[in-house]
Amino acid sequence: MGVGRRQVAIAVTVILVAIVYVFITGLSDTMVYYYNVSEVSERRAELTGDALRVHGQVVPGSIEKDATGLTHKFLIEEGGLTVPVVYRDIVPDTFQDRADAVVEGSFDSSGTFQATFLMAKCPSKYEAETDYAQFREAGIVAPAQSR
């Protein structure tokens with residue numbers, strides 16, 4: 001192999017190694033792990049500062065907002081375990097007591113989850129359909145509402 005080909009082979013190898021390195025480090029910096037409340041509630045100190053997504057249900061009566069309406073403090077729970085959350089932005093319309101919520105952010109040193117993203121699903125939209133026939137027979141539901 002000539003000197004010119006050797007230099008080209010070395011240059012191509014260096015470029016490929018650099019591309020793989022950038023891909024791997026970029027990927028690991030943008031990864032966000034998904035947990036349930038039961039998986040993170042006892043590991044808050046260990047997970048402090050890590051980018052996470054946490055899923056739980058909003059505890060009824062726990063939603064507090066400041067005077068501006070942009071800072072929301074609430075609890076999410078699963079299986080009797082809770083995680084305190086602070087979210088500083090406008091909340092979705094579906095955010096309410098008992099809503100399934102996914103928050104993205106990280107735990108601070110006090111164990112509070114500082115959310116930068118909030119997604120909430122209204123539980124009523126995901127419940128089984130009601131058999132309106134029994135209500136229609138009782139005269140409770142208008143015929144247009146029956147299925």
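Brief remarks follow.
- Residue in the range 58-70 that is assigned by TED's automatic domain parsing to the domain that holds D108, at pLDDT below 90, loosely packed, with under 10 Cβ neighbours inside 10 Å and not hydroxyl-bearing (S, T, Y) present: yes
- For the range 41-54, the criterion of being more than 14 Å from the chain's Cα centre (by Cα) and closer than 19 Å to A120 by Cβ is met by no residue.
- Long-range neighbours under 8 Å by Cβ, at least six apart or interchain, first residue assigned to a loop (DSSP other than H, G, I, E, B) within the range 87-111, second at pLDDT below 90 and surrounded by 15 or more Cβ atoms within 10 Å (Cβ to Cβ): T94/K121; T94/C122; Q96/C122; R98/P123; A99/K121; A99/C122; A99/P123; G111/R44
- Within the range 65-104, being small (G, A, S) and closer than 27 Å to E42 by Cα holds for G79, G80, A99, A101.
The values are calculated or read from the model by the stated rules, or taken from the named source; none is laboratory data. As the structure is a prediction and not an experimental result, all values here were calculated from the model. Cβ atoms come from the backbone with ideal geometry, glycine included; neighbour counts cover every protein chain shown.
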